[in-house]
Amino acid sequence: MECYNLQLQAACLKRSLFDQGYLDEQFCQIEDLQDEASPNFTEEVVSLFFKDSARLMTNIEQAMEKNPRDSNRWDAHMQQLKGSCSRMKNECTSFRNSCEDENAEGCMRSFQKVKREHGVLRQELESYFQLLRQAGPAETSTRPGGA
């Protein structure tokens with residue numbers, strides 16, 4: 001019974017992340033690649049994403065400090081980060097628009113929002129994977145909303 005409750009909590013958290021725009025169909029596609037031979041595939045991919053995205057955000061911060069007037073350089077780094085989640089994509093787009101307008105203040109505001117969204121996503125996915133580990137293997141993966 002406890003296993004079922006944990007699986008239910010994980011499913012509810014996943015649904016919430018979809019509803020809030022943190023996850024999209026790309027996450028389901030990654031989950032679809034997980035199988036008995038690689039039971040932690042999704043978590044491993046997400047872990048690699050966070051490692052890579054943290055490096056990219058450090059690069060953006062360094063570029064903004066070292067080259068305070070070179071918004072093209074900032075934009076090049078942000079372009080690499082943009083393909084992540086819906087909520088981060090929106091802020092990445094806002095950042096890039098501010099770069100095009102050479103609006104450093106707008107870039108800074110958008111970058112702070114990207115960092116916040118990244119932190120929330122990381123925390124929520126860590127909770128999600130922890131619930132899945134506690135629940136044990138699930139029968140099948142399901143898409144939110146019956147997709």
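Read-outs throughout are calculated quantities, based only on the coordinates presented, and are distinct from any laboratory measurement. Only a predicted model underlies this, so the values are computations on that prediction, with no experimental measurement involved. Quick reminder, even Gly has a Cβ in these numbers, built from the backbone with ideal geometry, and neighbours come from all protein chains shown.
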Residues that are β-branched (Val, Ile, Thr) and free of Cβ contacts under 8 Å to residues at least 40 places away in the same chain, drawn from region 72-125: Thr93
I'd like to check something: does region 8-16 contain any residue that is surrounded by 12 or more Cβ atoms within 10 Å (Cβ to Cβ) and over 23 Å from Arg87 (Cα atoms)? yes
I'd like the full set of residues that are surrounded by 15 or more Cβ atoms within 10 Å (Cβ to Cβ) and assigned to a helix (DSSP H, G or I), limited to region 32-44. Phe41, Thr42, Glu43
Pair list, Cβ under 6 Å, 6 or more apart: region 33-46 residue of a type in the set (Val, Ile, Thr), other residue assigned to a loop (DSSP other than H, G, I, E, B): Thr42/Gln34
In region 20-31, the residues that are in contact (Cβ under 8 Å) with a residue 60 or more places away in the chain and either outside any loop (DSSP other than H, G, I, E, B) or surrounded by fewer than 17 Cβ atoms within 10 Å (Cβ to Cβ) (or both): Gln20, Gly21, Asp24, Glu25, Cys28, Glu31
